1. Please give the length that would be gained between Glu293 and Arg226 if that part of the chain were fully extended, namely 0.36 nm times their separation in residues minus their C-alpha to C-alpha distance (nm, one decimal).
2. Among DSSP beta bridges whose residues both lie in the chain, state the antiparallel percentage, nearest 5.
3. For region 130-267, what is the convex hull volume of the alpha-carbon atoms per residue, in Å³?
4. Scan the chain and report its longest stretch carrying no GluC sites (Glu not before Pro) that are both in a DSSP loop and have at most 16 other Cβ atoms within 10 Å.
5. Gaussian network model of the chain, Cα springs within a sub-10 Å range: biggest mean-square fluctuation belongs to which of Val301, Val123, Val184?
6. With the cut-off at 1.5 for a/c, could you classify region 196-267 from its C-alpha gyration tensor as rounded, prolate or oblate?
7. How much length, in nm to one decimal, is gained on full extension between Ile28 and Glu81, taken as 0.36 nm per residue of separation minus their Cα-Cα distance?
8. Which loop-located chymotrypsin sites (Phe, Trp or Tyr not before Pro) does region 85-178 contain, where loop means any DSSP state but H, G, I, E or B and the Cβ has at most 11 other Cβ atoms within 10 Å?
Amino acid sequence: RMVKRYMACRNDIHRHDAPFLAVYKSLIPAEEELEKQKQLMAKLDNLVAKEWPNAKLYLYGSCANSFGFPKSDIDVCLAIEDDDVNKPEMLLKLADILESNDLQNVQALTRARVPIVKLMDPVTEISCDICINNVLAVVNTKLLRDYSLIDVRLRQLAFIVKHWAKSRRVNETYQGTLSSYAYVLMCIHYLQQRSPPILPCLQEMEPTYSVRVDNIRCAYFDNVERLSTFGSSNRETIAELVWGFFNYWAYGHDYANTVVSVRTGSILGKREKDWTRRVGNDRHLICIEDPFETSHDLGRVVDKFSIRVLREEFERAAKIMHQDPNPSAKLFELY
Ligand code: CTP
Ligand code: MG
């Protein structure tokens, strides 16, 4: 009887597909916004090339990984191969150049954890942060984008999870909750774990792309157009995946002992990573391995208070998916 009721519930979930897809569609940025981003990049490229002819600008983060919301700020990395770049000096110089070329609100934050220059472009009204030589972020941005090209359900799930996290205020790393980057990795991992899988593990396949960044080898299979039917034997739909994602993080995940790992497409033990005890400020209360900087736990920002907030929110979301007549509205109610 239990099994039967569970099945009925899972079948019933499909009537929520259309409302969830509508939420997803409403969150996709318009083409003209992408055009404006390109326009601003071209302007910045020009200014940078005049001063540093061997530097290159890259977009990274949500504006380039295909998980960006409308009207978000853009993240830019200035890459320059020079063994002794003085980042603060270079940022101050860059700020000067930007200011004298009519960009507004120019601010060099040279002492931040990731030093940046902030600016606002009055023509496109886009705000932008520029950092120097954060090349790993450019590479992990490409990894996320490549995963998004394999199966559209990743983009659907990640937009809904990000929208939920922002609405419920659990997307605030300075408050001890998780970054958007962490949530997207959680979504990729979830889809790798489905049976049959919806996403492959690109880093376990024969590499077609390989770069070395700060002594870390970043290599994976990036011919993703060849994988466009990879997930097609799995017929799960968006409402079912949202249901399963929250159910996993509310009731299925072993927080005490395990680490989710997109790099291996599997669940690792905390022991093998030596993430069993607190070291400095890293508590490892929820463990999400960075795909390239494998010593980085993206859950390291979570403390003993915020872990409770997070888990309560996962449970709230799971309950709504189980019981609420209108989950696609209730899930995103503002906290
Ligand atoms: N990043 C990283 N390591 C982290 C956090 C972020 O390498 N611990 C990099 C990733 O390349 C990520 C980018 O910084 O894509 C931006 O991170 P974040 O602001 O979390 O994500 P966005 O995709 O920009 O999301 P949002 O829409 O919330 O701005
Ligand atoms: Mg961002």
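Since every read-out is calculated from the coordinates, none of them should be taken as a lab result. Treat the numbers as computed from the prediction; the structure is a model and nothing was measured. Note that we place each Cβ from the backbone using ideal geometry, even for glycine, and neighbour counts take in every protein chain shown.
1. Working: separation 67, 0.36 × 67 = 24.12 nm, distance 2.68 nm.
Length difference between fully extended and current span is 21.4 nm.
2. Numbers: 27 of 35 bridges.
The antiparallel fraction comes to roughly 75 percent.
3. Values: hull volume 18.7 nm³, N = 138.
Cα-based convex hull of region 130-267, divided per residue, equals 136 Å³.
4. Numbers: sites that count: Glu81, Glu125, Glu172, Glu293, Glu333.
With GluC sites (Glu not before Pro) excluded where exposed in loops, the chain gives 173-292 as its longest stretch.
5. Val123
6. Working: a/c = 3.21, a/b = 1.33, b/c = 2.41.
Judged from the Cα gyration tensor, region 196-267 comes out oblate (a/c at least 1.5, b/c at or above a/b).
7. Working: separation 53, 0.36 × 53 = 19.08 nm, distance 3.51 nm.
This chain segment gains 15.6 nm when fully extended.
8. Numbers: sites: Tyr147, Phe159, Trp164, Tyr174; in loops: none.
Here no loop site has a sparse enough neighbourhood.
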